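Q: My questions will all concern the structure given below.
Every number here is computed from the coordinates shown, using simple stated rules; none is lab data. Remember, it's a predicted structure, so these values are computed and weren't measured experimentally. Every residue, glycine among them, receives a Cβ derived from its backbone with ideal geometry; neighbour counts consider all protein chains shown.
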Amino acid sequence: MKLYAWGALAQGVVLESVRRKDLWVVAILGFLIMMAAGTLGFFGMQGLQIFVKDLSVSVLGMFSTIVAILTAARMLPDEIKQRTLYPLLARPISRFDLIIGKTIGSVLVSWIAFLVLAALTGIALLTFHVKFEPIMLQYLLCKMMGLALTCSLAVALSAYMTPAAGATMSFILVFGSSMITRATMMAYIGAAPELKPVIRIFTAIFPEFTLFDLGGRVANLNWAPVPVWVVLFLFGYMFFYSSSFLGLAWLKFRRQAV
Amino acid sequence: MEYPESRTSKAAPLGEVAIRVDHLAVQYRSKVRSVEAVRDLSFEVREGEVVGFLGPNGAGKSSTIKALIGFLSPAAGTCQIFGLKAGTLEAKATIGYLPEVATYYPFLTPLETLKLYGKLQCLKGPSLDREAKELLSLVGLEQAIRKQNRALSKGMLQRVGIAQSLLGNPRLLILDEVTSGLDPVGRRQLRQILKDRQKKGATLFFSSHELSEVEGICDRILLIDKGSLIDERVVLDLKDALRKYSLRFTGDAPMFGLAQQWSESDGNWIAEFADKERLLEGIDRVTSAGGKVLDVVSQEGSLEDYFVETIGRAA
């Protein structure tokens with residue numbers, strides 16, 4: 001029954017997003033990527049394969065993350081603000097079901113955006129006669145897991161903050177993930193001994209979003225696929241952190257007066 | 001004017017208790033202050049009853065309804081739906097709810113909206129599709145089932161809301177500001193729909209500012225102000241209590257202490273009485289004094305006057 005309710009909620013989110021033409025932005029961006037790649041191809045820069053692949057996967061990762069955050073961060077606040085929440089919560093579903101259903105919906109929207117962009121980028125890369133390798137499939141899979149984690153983070157933050165603040169915080173944490181980790185390392189080196197355990201705990205807790213980005217491997221030629229156990233570990237990592245984020249969202253939302 | 005005491009819930013049909021509110025208190029807390037929207041509120045609604053929940057703006061009607069659905073947790077007291085704790089999945093499964101403000105997903109159609117809500121109630125497949133279409137047709141939206149909600153008027157959205165509240169044939173309908181945005185035709189349709197549901201055994205509990213609707217549909221009313229119940233009436237009794245009688249007669253009959261007021265017009269007296277007993281006594285006095293009764297008129301009282309006076313007295 002729960003799966004059925006989650007599916008219905010997610011379906012509603014996707015349908016609304018598609019009709020609201022949110023995904024048109026993605027299609028336009030994809031078209032621009034194709035045009036840019038086509039222009040480079042026209043000027044005979046076929047030797048720039050690595051550069052073009054790197055640029056493409058960066059743009060792909062960035063825009064799909066933006067779609068994921070902007071979609072997920074407004075899920076719960078919009079329901080409350082527009083009062084569409086009332087007829088939903090009057091049904092025999094729990095607030096936890098609502099959070100899960102809405103998160104699944106935003107994950108699906110971000111996946112659709114990502115896959116549409118990836119397909120358009122793939123077509124663009126064909127103009128460079130780029131050979132498709134198995135690692136590209138791993139890249140898609142890992143990025144989709146990363147987007148699920150990103151959506152969970154944005155939903156959790158939006159339960160505690162305004163949608164704008166939640167989205168901004170999500171951007172900082174996702175795009176600044178590697179920078180924050182590096183800064184933490186630097187801080188650890190120079191920190192007083194009594195502070196070091198605190199920094200260690202922070203490093204252990206802080207989710208590393210860059211783990212899901214195999215863009216660097218895809219861009220560089222002759223990289224072998226990562227072992228299957230790594231992909232499985234990433235799935236476990238994503239599941240653990242997503243569950244934690246959604247649990248935090250539920251803790252805030254479960255008793256919130258609406 | 002004081003209205004005589006009337007029968008209250010003792011007159012209600014002896015069905016199962018559909019709604020039990022016991023010493024309910026609802027508070028809204030912010031960092032700066034705490035506002036008590038409902039205080040020590042207790043009442044019952046029996047299965048099969050149609051009960052209107054009345055009160056001025058900010059009286060605590062919507063807060064009480066929100067506590068009944070489980071949208072907010074009571075600061076004190078309890079709410080039960082058919083003996084189940086309000087807000088639990090089992091309790092919610094028995095309710096059809098129309099929110100005060102009808103807002104539905106703007107990019108979905110009414111049909112998709114109903115199907116979404118139906119799926120959340122475990123309704124599935126062709127039967128859900130059929131029921132959704134039937135309900136939309138019942139509320140007069142058969143021409144608009146494939147238009148997106150954003151293209152619908154406020155009244156049409158209210159009809160979508162009414163249709164969604166009827167999904168799954170709920171045992172209890174809780175309707176907040178049910179007539180909001182409806183034109184006279186829509187109100188008449190709604191009255192018929194609600195009466196049909198009652199005939200099928202549903203319990204209706206609704207808030208409204210439209211006193212004529214309340215009068216036409218309800219068995220009983222609960223009057224709330226500043227978060228507390230200030231009056232509870234059986235509608236028929238209240239109508240009786242509000243009815244006035246006027247007597248036109250000739251002669252000099254004494255009406256002191258009996259008629260509310262009397263006046264002379266064209267050589268005839270007109271006396272007004274608050275109830276039948278006093279009217280009959282007035283007729284006795286006229287005939288005893290050798291006068292002649294020319295006319296007796298019964299006038300319906302105004303529920304609006306009762307509402308305004310009762311709220312005013314409680315203030």
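Q: What is the number of the single condition among (1) part of a helix (DSSP H, G or I); (2) under 17 Å from residue B:215 (Cα atoms) that residue B:165 does not meet?
A: (2)
Q: Quick check, is residue B:203 facing chain A (nearest Cβ under 10 Å), of a type in the set (Val, Ile, Thr) and touching a residue at least 40 places away in the same chain (Cβ under 8 Å)? If you could, list the steps in order and put the result at the bottom.
A: Values: facing chain A (nearest Cβ under 10 Å): no; of a type in the set (Val, Ile, Thr): yes; touching a residue at least 40 places away in the same chain (Cβ under 8 Å): yes.
Answer is no for this residue.
Q: Looking at B:59, B:76, B:67, B:86, which one is touching a residue at least 12 places away in the same chain (Cβ under 8 Å), surrounded by fewer than 18 Cβ atoms within 10 Å (Cβ to Cβ), among the hydrophobic types (A, V, I, L, M, F, W, C) and more than 9 Å from every other protein chain (Cβ to nearest Cβ)? Reasoning before the result, please.
A: Numbers: B:59 fails: surrounded by fewer than 18 Cβ atoms within 10 Å (Cβ to Cβ); B:67 fails: surrounded by fewer than 18 Cβ atoms within 10 Å (Cβ to Cβ); B:86 fails: surrounded by fewer than 18 Cβ atoms within 10 Å (Cβ to Cβ).
Just a single option satisfies the conditions, and that option is B:76.
Q: Being assigned to a helix (DSSP H, G or I), surrounded by fewer than 21 Cβ atoms within 10 Å (Cβ to Cβ), on the phi < 0 side of the Ramachandran plot and of a type in the set (A, V, I, L, M) is true for just one of B:185, B:214. Which residue is that? It would help to see each step written out before you state the result.
A: Values: B:214 fails: surrounded by fewer than 21 Cβ atoms within 10 Å (Cβ to Cβ).
Going through B:185, B:214 in turn, just one is assigned to a helix (DSSP H, G or I), surrounded by fewer than 21 Cβ atoms within 10 Å (Cβ to Cβ), on the phi < 0 side of the Ramachandran plot and of a type in the set (A, V, I, L, M): B:185.
Q: Consider the stretch B:112-158. How many of its residues are charged (D, E, K, R), within 14 Å of another protein chain (Cβ to nearest Cβ) and in contact (Cβ under 8 Å) with a residue 24 or more places away in the chain?
A: Of the stretch B:112-158, the ones charged (D, E, K, R) are B:112, B:115, B:119, B:124, B:129-131, B:133-134, B:142, B:146-147, B:150, B:154.
Add one more test, that the residue is within 14 Å of another protein chain (Cβ to nearest Cβ), and what stays is B:112, B:115, B:119, B:124, B:129, B:146-147, B:150, B:154.
Okay, now just the ones that are also in contact (Cβ under 8 Å) with a residue 24 or more places away in the chain, so B:146-147, B:150, B:154.
Within the stretch B:112-158, residues that are charged (D, E, K, R), within 14 Å of another protein chain (Cβ to nearest Cβ) and in contact (Cβ under 8 Å) with a residue 24 or more places away in the chain number 4.
Q: Same structure, new question: Which one is surrounded by the fewest Cβ atoms within 10 Å (Cβ to Cβ) among residues in the stretch A:1-30 that are facing chain B (nearest Cβ under 10 Å) and small (Gly, Ala, Ser)?
A: Among those that are facing chain B (nearest Cβ under 10 Å) and small (Gly, Ala, Ser), it is A:7.
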